[in-house]
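Student: One structure coming up, written as structure tokens, with questions to follow.
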Amino acid sequence: MTMEAYRYADGSITYPGHPIGPDGSEPVGTVDLSEYTAEVVTWTTSHSTPPGVRSPNTVAIVEFDVDGTPVRAIGQVEGEVETGDTVRPVYAEELREPGAGIREPESQAWDGYRFEPLDAPADREGSDSGN
């Protein structure tokens, strides 16, 4: 499975992909963001999550650098992160428990990507940040 972003003729890249780009054109190609690392722009941890979503649930906005073009994405984080940390996308078969929602489980996809921190800075290893 790929973490597919769309590339447009003007050089912009969007994730998720859109049928019309920022300049009004159709996509000219795709980029698999799972082949890149990203930097955490900001993050938050929710302790009151919707049914079927793990608690606590850390979510981050991350920014990929694809050949000099910034591409932002939002997603769950596996582990602890801080702003500025480097993360990589990791495929997950279930981002939430399919039977916990109000929709029929077969009516939607449950898989996707989470972000996993690369090596944590030494001053944070084993620490409890309280977030």
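Bear in mind that the values in this text are calculations on the coordinates, not laboratory data. Everything numeric here is computed off the predicted structure, so don't read it as measured data. No Cβ is skipped: glycine too gets one built from the backbone with ideal geometry, and neighbour counts run over all protein chains shown.
Student: Can you find, among 8, 48, 89, the residue farthest towards the positive end of the dipole of the range 4-117? Put +1 on the C-beta of Lys and Arg, -1 on that of Asp and Glu.
Tutor: Positive-most Cα among the choices belongs to 48.
Student: If a/c stays under 1.5 just call it rounded; otherwise compare a/b with b/c (prolate if a/b is bigger, oblate if not). Do that for the range 4-117, with a ≥ b ≥ c from the square roots of the Cα gyration tensor eigenvalues.
Tutor: oblate
Student: Can you compute the modelled spin-label distance between residue 69 and residue 36, with each label point 7 Å from Cα toward Cβ, in nm?
Tutor: Output for this residue pair reads 0.8 nm.
Student: Quick one: go through the range 47-82 and flag any residue whose amide nitrogen is under 16 Å from the point 7 Å out along the Cα-to-Cβ line of residue 18.
Tutor: Only 70-74 pass the distance filter.
Student: Taking amide H atoms as placed 1.01 Å from N in the peptide plane, list the residues 5 or more away in sequence, or in a different chain, whose amide H sits under 5 Å from that of residue 3.
Tutor: Sorted by chain and number, the residues that satisfy this are 33, 34.
Student: Using per-residue counts of other Cβ atoms within 10 Å, averaged over each peptide, order 16-25, 57-66, 70-79 from highest down. Display every interim value, and only then the final one.
Tutor: Details: 16-25: 11.8, 57-66: 18.2, 70-79: 16.6.
Averaged packing, sorted descending, gives the order 57-66, 70-79, 16-25.
Student: Along Cα→Cβ, 7 Å out, is where each label goes; now give me the distance between the ones at residue 55 and residue 78 in nm to one decimal.
Tutor: Calculated label separation equals 2.4 nm.
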